[in-house]
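Structure first, commentary second.
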Amino acid sequence: MARFTFKAIGTSWVIDLYQQFDSEKESDIFEQIKKRIDAFDTTYSRFRPDSLVTDISKRAGKYTFPEDSKLLFETYYDLYTITNGHFTPLIGQLLVDAGYDAQYSLQQKKELSIPPQWEEVMEFNESTLSVKRPIQLDFGAAGKGYIIDLVGKVLEENEIHSYSINAGGDILYKNSDIKSEPIRTGLENPKNSEQIIGVCHLKNKSICGSAGNRRAWGNFTHIMNPHTLVSPKDITAVWVVADTALVADALTTCLFFVEAQTLLSIYIFEYVILYKDGSFQKSPQFPGELFTN
């Protein structure tokens, strides 16, 4: 077994590989992982001055994205449509103006304005994004999930099919041994990070969570309603279990704005929604249990 622990894209990573390697192979795999994450960050991060997303915020034109961007953009567009624009990569300027900027000032800069509609400002075709004017994109609602999946792909290309990737509590666990047991992962209490309110039993799936307590300032959190320009208050946390981290990560944000049944019409997933008053909603087949009343 090998374990990699490091920090990247603003979070802590723990990657466990459930097989033996010699030190040279282990080092090579770790370098591949770091290069893959850095390449992703160089494309999608709005916090890096050298990223493609930062270039797009400065000038209109056509931009070529990596081939694997197609799935990310398709997922965003599908969820943008089904959530009536609540889930959108065009929320970047709203977050910046509210204070969630590259300097993490957490100070509102100006009066907030509703983000533009997708068709007004951009068009994506294959791997080319055409923007009609400079726009501040933000892929934070699904980007971490997607890079987790892409790191998993790096492992599988190296013939590693049993592994766990934990990036800041968002987890993808795969085990090719049919006799292996699920791993137990706690659902963090958003009011007390030292406590858990439940447990998920995870195997060959991903679990991602979203809560406003980690990035909160003033009346805002990193989760913002692009129509009302405020952060949701009634829901305190959401967890989603799905086949991929991309889907699990994206749906955690969507569930702050739309009913689960709306999303279940196009995705297969299980979920827990924790409300401000301590009550919760849990899908019937969620693989775990809650300790809260």
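Treating only the Cα positions of region 6-75 as identical point scatterers, give the base-10 log of I(q)/I(0) from the Debye formula at each q in 0.17 Å⁻¹.
Per q value, in the given order, log10 I(q)/I(0) is -0.79.
Using a Förster distance of 30 angstrom, determine the FRET efficiency expected from the C-beta separation of residue 275 and residue 3, and round it to 0.05.
0.25
With all distinct Cα pairs included, what does the Kirkwood hydrodynamic radius of region 52-131 come out to in Å, to one decimal, could you say?
In region 52-131 this quantity evaluates to 13.8 Å.
Can you pull the one-decimal nm distance between simple spin-label points at residue 104 and residue 290, each 7 Å off the Cα toward Cβ?
3.1
Could you compute Rg(Cα) / (2.2 N^0.38 Å) for the chain, with N its residue count?
Here the Cα radius of gyration is 1.00 times the empirical estimate.
How long is the gain from residue 19 to residue 213 if the chain were fully straight, where each residue apart is worth 0.36 nm and the alpha carbon distance is subtracted?
66.2 nm
Kirkwood Rh over Cα pairs of region 155-293 into Stokes-Einstein at 4 °C, 1.567 mPa s: D in µm²/s?
On the way: Rh = 15.8 Å.
Rounded to a whole number, D works out at 82 µm²/s.
Filter the chymotrypsin sites (Phe, Trp or Tyr not before Pro) in region 199-293 down to the DSSP loop ones having no more than 12 other Cβ atoms within 10 Å, then list what survives.
Values: sites: 217, 220, 239, 256, 257, 267, 269, 271, 275, 280, 291; in loops: 256, 257, 267, 269, 291.
Loop-located and lightly packed - 291.
Taking the number of other C-beta atoms within 10 Å as the exposure measure, put 202, 172, 255 in order starting with the fewest.
Fewest to most other Cβ atoms nearby, the residues stand as 202, 255, 172.
Counting other beta carbons within 10 Å of each residue's own, what order do 283, 164, 113 fall into, fewest first? List each step's numbers first, then the result.
Details: 283 15, 164 19, 113 10.
In order of increasing Cβ crowding within 10 Å: 113, 283, 164.
Give 109/282; 35/205; 174/282; 110/282; 7/132 a once-over and call out the pairs whose C-alpha atoms are over 31 Å from each other.
109/282; 110/282; 7/132
Starting from the 7 Å offset along Cα-to-Cβ, what nm value, one decimal, do you get for the label separation of residue 119 and residue 26?
Rounded to a tenth, the inter-label distance reads 5.5 nm.
If the label point is 7 Å along Cα→Cβ of residue 128, which residues in region 26-69 have backbone nitrogen under 15 Å from it?
Only 61-67 fall inside the zone, counting backbone N under 15 Å.
In which sequence would 224, 1, 122 go, from the one with the fewest C-beta neighbours within 10 Å to the one with the most?
1, 122, 224
Using just the helices of the chain, give the 222 nm mean residue ellipticity in deg cm²/dmol: DSSP H runs with n ≥ 4 each add -39,500 (n - 2.57), and the total is spread over all residues, rounded to 500.
Per the formula, -8500 deg cm²/dmol.
Computed from the coordinates by the stated procedures, all read-outs in this text should not be read as laboratory data. Because the structure is a prediction, the values reported are computed rather than measured. Note that each Cβ is placed from the backbone with ideal geometry, even for glycine, and that neighbours are counted across all protein chains shown.
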